[in-house]
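Below is one structure; the comments refer to it alone.
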Amino acid sequence: MGLSDILAFDSLPLFTMRLFIQTYLASKPLSYIATRSLVILSLLFAFPLQAEQSSRNENAQQQSRDKLSDVQKAIAKQESNIFDANKQRSSLEQQLKTDDLAISKVAKAINAIEVELSTTQDKISALAIEKQQLTIAKQRQEHLLAQQLRAAYTTGQHDYLKLLLNQEQSEKIQRTISYYQYLNQARTKEIDDFQVTIAQLLQVSTEHQTQIEYLQQLKDEQLQQDTQFRASKAQRRKTLKKLSLELLTSQQQLNKLKAEENNLNEALNKLSAIIQAEIDLTGLSKLKHKLSWPVKGRILHRFGTKKQGYLTWKGVLITAPISRQVQTIHNGTVLFSDWLKGYGLLTVIDHGNGYMSLYAHNQTLLKSVGDRVETGEPIALIGQSGGLEQSGLYFEIRHQGKALNPKLWCR
């Protein structure tokens, strides 16, 4: 086979062509020119291959970033396939999702206002203390200046020029003049300090009044949000009442729960497929019996107990009052933050090494996909989204997709 025969293999992959040329060089004695031609040809094949590999790595990084947001769209689309065949119930479940999201939006706004209210009140308290301290300083400086003025008035009977021209008792006169100079310097300094205090007091008083007005503005906004919140909750109660009238048989209920569980598993599988290892996320393997529960409350349903038919609880359902903070059990990255049928407003956090934690039925979600969270950081507020009858949190821990008993990890 000659060089023209080798070049005819333009349909072969680059790596195969390069390997073939190297093999050919090793087996055939060629002239110096032919050998150099083949080496150059091999290098020409290698350069596009390296450039292609570099471009492929950059594309992979961009794709992994895009996939995390795209997966939520895919999950939402998938939900349309698992709604009940009954169109009336399907419509009501869609309405429940709308109601939950409306409540979540208002609850998140209220939570932000409450945080701002707390911050503003702290500022007002600090400004009030500073204002009081400046007022005391002002009063002290006024008193000191009054004393100095009285002293100046008392000694003002002496003629300063006469003292300078008096040749008698020159030492005493010199001491008196020095005393006048010290007194004037002290008085000047006190006047300067007094002016600074007055300026600071005015600035603090203005800021104090501004913060008080802002506090009232926040309270008015909070009142408006509360009104909207009550309206959204009333609408949700109507939807739940209509849903309760759509009675399901035991088999239908089992099928519904199974579909919802499969939907969750499918969502977690999709998320697992795009997780990139982070060197600072070490998982939960060394934290058995060391983690704190995400919320304080009574466990209503325990891991492994019967749920419906042959289905069992893959996590725990903890009862807790509405709007109580839900805290992450360990540091990690938010993989999912959205509404999911059967679980309501759901957050999933990746802790590394195949470990995930799941928090469902929230009133509102405080973190978005891609956010980094630290141990004990608030990530949601307790609610009853997804059709939960009473407020609480559904909580799971998983490793490589397998549900683990949270009681073995949390204390």
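Within region 263-275, the set of residues being in contact with a helix residue (DSSP H, G or I) (Cβ under 6 Å, 6 or more places away or on another chain) and at pLDDT below 75 comprises ILE274 only.
Considering each residue of region 328-335 in turn, at least one proves to be farther than 16 Å from LEU271 by Cα and either surrounded by fewer than 20 Cβ atoms within 10 Å (Cβ to Cβ) or not assigned by TED's automatic domain parsing to the domain that holds TYR394 (or both). SER272 falls short on exactly one of the conditions (1) surrounded by fewer than 14 Cβ atoms within 10 Å (Cβ to Cβ); (2) within 13 Å of HIS399 (Cα to Cα), and that condition is (1).
Yes/no per residue for (1) modelled with pLDDT of 95 or more; (2) of a type in the set (Phe, Trp, Tyr):
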site: ASP338; (1), (2): no, no
site: LEU346; (1), (2): yes, no
site: GLY370; (1), (2): no, no
site: TYR394; (1), (2): yes, yes
site: LEU404; (1), (2): yes, no
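Counting only residues that are free of Cβ contacts under 8 Å to residues at least 40 places away in the same chain and touching a strand residue (DSSP E or B) at 6+ places or on another chain (Cβ under 6 Å), which one in region 363-403 is surrounded by the most Cβ atoms within 10 Å (Cβ to Cβ)? Checked region 363-403; the qualifying residue surrounded by the most Cβ atoms within 10 Å (Cβ to Cβ) is LYS367. Sub-8 Å Cβ pairs linking a first residue in region 259-274 that is within 14 Å of TRP339 (Cα to Cα) to a second residue that is among the charged types (D, E, K, R) and in a helix (DSSP H, G or I), at least 6 apart or interchain, are ASN263/GLU79, ordered by first then second residue. Would it be correct to say that LEU317 is over 21 Å from ASN111 (Cβ atoms) and in contact with a Cys (Cβ under 6 Å, 6 or more places away or on another chain)? No: the conditions fail for LEU317.
Within region 300-322, track down each residue that is closer than 29 Å to LEU281 by Cα and either buried (at least 20 other Cβ atoms within 10 Å of the Cβ) or touching a helix residue (DSSP H, G or I) at 6+ places or on another chain (Cβ under 9 Å) (or both).
Residues of region 300-322 closer than 29 Å to LEU281 by Cα: 302-304, 313-318.
Result: ARG302, PHE303, LYS314, GLY315, VAL316, LEU317, ILE318.
Within the bounds of region 67-87, is there any residue that is at pLDDT 70 or above, over 30 Å from ASP226 (Cα atoms) and loosely packed, with under 11 Cβ neighbours inside 10 Å? No, region 67-87 contains no residue that is at pLDDT 70 or above, over 30 Å from ASP226 (Cα atoms) and loosely packed, with under 11 Cβ neighbours inside 10 Å.
Considering only residues of region 195-226 that are farther than 15 Å from LYS131 by Cβ and touching a residue at least 12 places away in the same chain (Cβ under 8 Å), which is surrounded by the most Cβ atoms within 10 Å (Cβ to Cβ)? The qualifying residue surrounded by the most Cβ atoms within 10 Å (Cβ to Cβ) is GLN225.
The values are calculated or read from the model by the stated rules, or taken from the named source; none is laboratory data. This one's a predicted model, so the numbers in the text were calculated from it and none came from an experiment. For neighbour counting, all protein chains shown are included, and Cβ atoms are generated from backbone atoms with ideal geometry for every residue, glycine included.
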